[in-house]
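Just so you know, all these numbers are worked out from the coordinates, no wet-lab data involved. Just so it is clear, the model here is predicted, and its values are computed rather than measured. Please note: Cβ atoms are built from the backbone with ideal geometry, for glycine as well, and neighbour counts cover all protein chains shown.
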Amino acid sequence: MHQPFSYITYETRGAVALLSLNLPHKLNGMSAPMQAEIRAVLEHLQTQGDVRALVITGSGRAFCSGADLGDISQKGDGRAQAESTYRAMVEQSNPMILDIRQSRIPVVAAVNGIAAGAGASLALAADVVVAGRSASFLMPFAPRLGIVPDLGATWLLPRLLGEARARAALLLGERISAEQLEQWGGIWACVEDAELLDTALELAGRLAASPRHSAEELKRALDCAEHNSLAEQLQYEADRQRELIAHADFQEGVAAFLGKRAPVFP
């Protein structure tokens with residue numbers, strides 16, 4: 001990918017891509033241009049075959065401090081700010097979260113420092129979330145700004161933490177440490193700060209070694225389970241196995257298992 005970026009950095013390491021939010025002097029505050037660049041990378045990754053997993057992290061001492069409120073405040077009076085924000089959410093922010101959730105390749109978030117507001121939503125939208133020991137998550141929307149959590153926070157948090165913890169966390173707006181969120185089951189792992197990026201890249205490497213279609217299939221199955229009855233989901237699983245067991249990747253997996261070797265997927 002050769003497009004120059006101003007708000008992020010992008011590089012590939014074999015089959016893994018690394019996207020870093022790159023406004024460290026603003027704690028990677030999220031603006032519309034930054035979101036456009038994130039979406040450009042996500043779109044590119046859906047149409048190529050070399051990169052098979054993505055890591056998202058932040059440059060400097062923060063993952064993302066949330067929406068760039070300074071940028072919003074320059075949009076005129078309250079009504080003008082509201083309309084501008086609405087358009088940005090509908091046209092850019094919401095599609096960005098959907099791009100991550102619906103990505104054909106798995107997405108790993110490596111959370112360093114603070115992930116606040118929209119930044120926390122961005123991180124928690126990933127398929128696998130790892131955080132440094134000093135990282136924390138903050139949802140200040142309701143108690144500090146009088147607005148509702150956005151970028152999917154009201155959908156993500158109850159599913160990750162359960163209704164009681166999600167409701168209290170969003171109402172109180174208290175900073176939640178990475179260790180606490182790990183204990184609650186909200187993220188995959190909390191690791192030492194110095195090990196964060198290596199851990200995320202190692203996880204992404206493992207995901208990249210899986211069959212090319214496996215992440216997309218699994219994400220779709222979990223999405224269907226959100227609204228299916230048990231009987232419907234059992235049928236869905238049977239229908240997918242009917243297709244996938246005939247796939248060459250399954251045949252390779254079985255051959256590798258019987259041959260006591262690691263599978264090699266194209």
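Computed from Cα positions, the angle between helix 163-172 and the longest principal axis of the chain comes to roughly 30 degrees. When restricted to Cα atoms, region 1-92 yields an Rg and a Dmax of 14.8, 48 Å, respectively. Average 1/r across all pairs of distinct alpha carbons in region 113-165, invert it, and you get the Kirkwood radius: 11.6 Å. Quick check: the angle from helix 230-244's long axis to the longest principal axis of the chain, C-alpha only, nearest 10 degrees? Result, in degrees: 60.
When the chain is described by a simple charge dipole with +1 on each Lys and Arg Cβ and -1 on each Asp and Glu Cβ, the residue from V41, F250, G146 located farthest towards its positive end is G146.
Mean residue ellipticity at 222 nm, helices only, the chain: -13500 deg cm²/dmol; runs of at least 4 DSSP H residues each add -39,500 (n - 2.57), and the sum is divided by the number of residues.
Helix 196-208 and the longest principal axis of the Cα set of the chain meet at an angle near 40°.
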